[in-house]
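Okay, so here's the structure we're looking at.
The values are calculated or read from the model by the stated rules, or taken from the named source; none is laboratory data. Note that the structure is predicted; figures quoted are calculated from it, not measured. Positions of Cβ are backbone-derived with ideal geometry, glycine not excepted, and every protein chain shown enters the neighbour counts.
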Amino acid sequence: MDFAAPLAAQLHLFVDHHRGDLGLCLEGMSEEEARTPLVPSKTTLLGLVKHATFVEQVWFDEAITGRSRADIGCPSGPDESFDLLPEDTIDSVLSAYLRVCAQSRKAAAGLDLDDTVYGNRRGPLPMRWIYLHVLPELAQHCGHADILREQLIARRSSGTA
């Protein structure tokens, strides 16, 4: 880490780090494990990655381009973004996530932190705010994924899987 790097470079680095970590939560998991709910909410490992895809689409597509969620092809709200379809697999959800993250990087590449985007439902926002919103959200979901993954791996050795 270059501690003297400009703020924008540091924010991009931290967001990308958490993007990568979240994608890795599915590594070595079975399809069944990735879908296993261990909490009362819709939160599963596969659901977390699917939700993170939604987060990327909302903040780096909708907010920047002004396209509607319907045009983007993402759920209308965060709760629905955790819904797993029968055809969702680790490969399909992870591929979509990685593709959308690449699109996010491209969409934000020409924007400075103080540039304002106009497509978010809250109204005009500076890119700085978007990065400062997305970073803790991704970090929080990485923490959720770590805990779920740890529980799933523990179930393997205890025979309760």
Quiz item: Taking the stretch 130-154 on its own, how many of its residues are touching a residue at least 12 places away in the same chain (Cβ under 8 Å), under 20 Å from Lys42 (Cβ atoms) and not aliphatic (A, V, I, L, M)?
Solution: 7
Quiz item: Within the stretch 31-52, can you find the residues that are in contact with a Leu (Cβ under 9 Å, 6 or more places away or on another chain) and of a type in the set (Ser, Thr, Tyr)?
Solution: Thr36, Thr43, Thr44
Quiz item: Out of the stretch 60-115, which residues are part of a helix (DSSP H, G or I) and either on the phi > 0 side of the Ramachandran plot or in contact with a Pro (Cβ under 6 Å, 6 or more places away or on another chain) (or both)?
Solution: Ser81
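I'm trying to understand the selection: among the residues of the stretch 116-132, which are buried (at least 16 other Cβ atoms within 10 Å of the Cβ) and part of a helix (DSSP H, G or I)? I'd like the intermediate steps shown before the answer.
Step one: of the stretch 116-132, the residues buried (at least 16 other Cβ atoms within 10 Å of the Cβ) are 117, 119-120, 125, 127-131.
The answer is Met127, Arg128, Trp129, Ile130, Tyr131.
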Quiz item: Does Gly77 fit the bill of being more than 30 Å from Gly123 (Cβ to Cβ), of a type outside the set (Phe, Trp, Tyr), without any contact (Cβ under 8 Å) to a residue 24 or more places away in the chain and out of contact with any strand residue (DSSP E or B) (no Cβ under 6 Å at 6 or more places or on another chain)?
Solution: no
Quiz item: If you take the residues of the stretch 56-83 that are in contact with a helix residue (DSSP H, G or I) (Cβ under 6 Å, 6 or more places away or on another chain) and closer than 23 Å to Ile147 by Cβ, which of them is surrounded by the fewest Cβ atoms within 10 Å (Cβ to Cβ)?
Solution: Phe82
Exercise. Give Leu26, Leu46, Leu22 a once-over and let me know the one that is surrounded by 14 or more Cβ atoms within 10 Å (Cβ to Cβ), within 18 Å of the chain's Cα centre (by Cα) and either over 16 Å from Gly143 (Cβ atoms) or acidic (Asp, Glu) (or both).
Key: Leu46
Quiz prompt | Hits in the stretch 139-161 - residues which are among the hydrophobic types (A, V, I, L, M, F, W, C) and either at pLDDT 95 or above or not in a loop (DSSP other than H, G, I, E, B) (or both) | solution = Ala139, Cys142, Ala145, Ile147, Leu148, Leu152, Ile153, Ala154
